[in-house]
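Report on one structure; see the data block that follows.
The values are calculated or read from the model by the stated rules, or taken from the named source; none is laboratory data. This structure is a prediction, so every number in the text was calculated from the model and none was measured. No Cβ is skipped: glycine too gets one built from the backbone with ideal geometry, and neighbour counts run over all protein chains shown.
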Amino acid sequence: MNESKQYDIPQRAVIEAYKRVKANRGSAGIDGVDFEVFEKRLNTNLYKIWNRMSSGSYIPSPVMAVEILKKTGGVRRLGIPTITDRVAQMYVERAVDPIFCDDSYGYRPNRSALDAIGMTRKRCWKYDYVIELDVKGLFDNIDNELLMRVVRRHVKESWICMYIERWLKTPFVLRNGEVIERNAGTPQGGVISPVLANMFLHYVFDMWMKRNFPNVPFERYADDGVVHCKTKEAVLYIKECLAKRFAECKLELHPTKTRIVYCKDKDRTKDEDVTEFDFLGYTFKAVHIMCKDGKMRSNFIASVRKASAKTFRDKIKSLEIHKRTGCKIDIIAEILNPMLRGWINYFGKFKSISHEIYTSMYRT
C-alpha cells in the first residue's frame with residue numbers, strides 16, 4: 001500500500017475509520033456482507049477501499065432501504081449503506097472541516113445535547129418568548145443542488161465533494177428489489193448524512209440568524225432548535241422571517257411543531273396559550289420548586305419529558321426482571337446498571353429535577 005495515488009488519503013485513516021464503523025455496529029447492506037464476513041478478508045477489503053478512494057475510482061453501492069413505523073404514525077425510511085461505504089463515509093466525515101456556529105450542538109466533537117439543554121435553560125430565564133423550531137422532514141427533503149453548493153463552499157478538497165455528490169445520487173433498493181432514484185434528501189442511516197444536514201442548516205439557519213438577527217440567541221441540535229426573544233412583537237416577526245427563509249431554501253418548518261412559547265413563571269404572568277415546549281427529551285415549563293429561602297415558587301425550568309419517562313419505564317418493564325427469580329442480584333445489576341446509569345447521566349444533571357428522575361425509576 002505504498003503506491004502513489006491521485007488523492008492523498010492516509011492508509012491509517014481508513015483503518016481508524018473502520019474501527020469507528022465497527023464500534024457503531026449495524027447490519028449488512030445491499031451486498032449482504034456483515035462484519036463477520038467482512039473481517040474474513042479484512043486487510044484486502046480495507047486495501048480496496050483505500051485504493052479506490054485514493055485513485056478516484058470509488059463508486060458507492062446502492063443503499064438498502066428499510067421502513068420503520070414512527071411513534072406518531074407514518075413511516076420513516078432509513079438507508080443502510082454497505083460496510084465498505086460506511087467506512088468511506090466515516091473517513092470523509094472526519095475529513096470535513098467541523099467549523100460551525102457556537103450555538104450549534106448536534107453531531108459535533110466536544111458538544112452534546114446536555115450542553116444545548118443547559119444553555120436553553122439559562123436563556124429561558126432571561127428571555128420571555130421562545131420559538132420552538134422543527135424542520136419538517138429535513139433528511140428527506142434537503143435539495144441536493146443547494147446542498148452541493150453548500151458543500152463546495154465549505155469543503156476545499158474537490159475529491160471529497162465528488163464522493164459526497166456520488167453518495168447523494170446513490171439509489172435506494174427496497175426489499176422487493178424495486179430501485180428508487182433519488183434527487184433530494186440525505187438518507188438517515190448513513191454515516192455522512194447527519195454531517196451534511198448539519199452543514200446545510202449551518203448556512204440556511206445559523207449564519208442567516210447571525211447576519212439578520214445578531215442579538216437573538218438560539219440553540220440548534222440537528223433539525224430541532226430554540227430561538228429566544230424578549231417581546232411578543234419580536235417573536236412573531238422572527239417566526240415569519242424564518243418561515244420565508246426556509247421556504248427559499250426549499251424546506252418547511254413543521255406547521256404544528258413550530259410554535260411560539262411564553263416562558264411563564266412567578267414573575268412572568270401574561271395570559272398566553274402556549275407556556276411549555278419540548279427539546280431533546282426535556283420539557284421546559286413552569287414548575288413549583290423549593291428556592292434557597294425555603295419557599296416554594298414557580299420557576300421556568302427543564303423537566304423530564306413525560307414521553308421520555310414512559311419510554312424508560314417501558315424499556316425496564318420489558319426486561320421482566322420480576323420473572324427472573326433464578327438470577328443472582330449481581331447478574332440483574334449487570335443488566336440494569338448501564339440503563340440506569342445512562343438515564344441518570346442524561347436527566348440527572350440539573351438538581352431541580354432529581355426528584356422526578358428517581359420517581360420515574362421507582363415507578364418501574
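Based on what the data block shows, is residue 61 closer than 25 Å to residue 179 by Cα and either assigned to a loop (DSSP other than H, G, I, E, B) or over 27 Å from the mean Cα position of the chain (by Cα) (or both)?
Details: closer than 25 Å to residue 179 by Cα: yes; either assigned to a loop (DSSP other than H, G, I, E, B) or over 27 Å from the mean Cα position of the chain (by Cα) (or both): yes.
Yes, satisfied.
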Check off (1) touching a residue at least 24 places away in the same chain (Cβ under 8 Å); (2) over 23 Å from residue 190 (Cβ atoms) for residue 43 and give me the number that stays unchecked.
(1)
Condition met for residue 4 (at pLDDT below 95 and within 29 Å of residue 181 (Cβ to Cβ)):
no
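Out of region 25-39, which residues are outside any loop (DSSP other than H, G, I, E, B) and without any contact (Cβ under 8 Å) to a residue 40 or more places away in the chain?
Filtering region 25-39 down to residues outside any loop (DSSP other than H, G, I, E, B) leaves 35-39.
Of everything in region 25-39, those that are outside any loop (DSSP other than H, G, I, E, B) and without any contact (Cβ under 8 Å) to a residue 40 or more places away in the chain turn out to be 36, 37, 39.
Among residues belonging to region 212-223 that are outside any helix (DSSP H, G or I) and out of contact with any strand residue (DSSP E or B) (no Cβ under 6 Å at 6 or more places or on another chain), point out the one that is surrounded by the fewest Cβ atoms within 10 Å (Cβ to Cβ).
Filtering region 212-223 for residues that are outside any helix (DSSP H, G or I) and out of contact with any strand residue (DSSP E or B) (no Cβ under 6 Å at 6 or more places or on another chain), the one surrounded by the fewest Cβ atoms within 10 Å (Cβ to Cβ) comes out as 215.
Name the single residue, out of those in region 186-240 being within 15 Å of the chain's Cα centre (by Cα) and acidic (Asp, Glu), that is modelled with the lowest pLDDT.
Applying the first criterion (within 15 Å of the chain's Cα centre (by Cα)) to region 186-240 yields 186-202, 219-226.
Imposing the further condition that a residue be acidic (Asp, Glu) reduces the set to 219, 223-224.
Numbers: 219: 97, 223: 89, 224: 92.
Looking at residues that are within 15 Å of the chain's Cα centre (by Cα) and acidic (Asp, Glu), I get 223.
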Tally the residues that are of a type in the set (A, V, I, L, M) and either in contact with a strand residue (DSSP E or B) (Cβ under 6 Å, 6 or more places away or on another chain) or more than 28 Å from residue 54 (Cβ to Cβ) (or both), restricting the search to region 135-174.
6
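Mind listing whichever residues of region 157-183 are aliphatic (A, V, I, L, M) and either buried (at least 16 other Cβ atoms within 10 Å of the Cβ) or assigned to a helix (DSSP H, G or I) (or both)? Spell out the reasoning first.
Step one: list which residues in region 157-183 are aliphatic (A, V, I, L, M), which gives 160, 162, 164, 168, 173-174, 179-180.
Selection gives 160, 162, 164, 168, 173.
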Would a scan of region 143-156 turn up a residue that is in contact with a Leu (Cβ under 6 Å, 6 or more places away or on another chain) and either crowded, with 18+ Cβ neighbours inside 10 Å or of a type outside the set (Ser, Thr, Tyr) (or both)?
yes
Set 230, 244: member being without any contact (Cβ under 8 Å) to a residue 40 or more places away in the chain, exposed (fewer than 14 other Cβ atoms within 10 Å of the Cβ) and of a type in the set (D, E, K, R)
244
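Output the residue which, of all residues in region 187-211 that are assigned to a helix (DSSP H, G or I) and not hydrophobic (A, V, I, L, M, F, W, C), is surrounded by the fewest Cβ atoms within 10 Å (Cβ to Cβ).
Step one: list which residues in region 187-211 are assigned to a helix (DSSP H, G or I), which gives 193-211.
Still in the running and not hydrophobic (A, V, I, L, M, F, W, C): 193-194, 198, 202-203, 206, 210-211.
On the way: 193: 23, 194: 18, 198: 23, 202: 18, 203: 16, 206: 19, 210: 14, 211: 8.
The selected residue is 211.
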Would you confirm, using the coordinates I've provided, whether residue 286 is surrounded by fewer than 15 Cβ atoms within 10 Å (Cβ to Cβ), touching a strand residue (DSSP E or B) at 6+ places or on another chain (Cβ under 9 Å) and not polar (S, T, N, Q)?
no
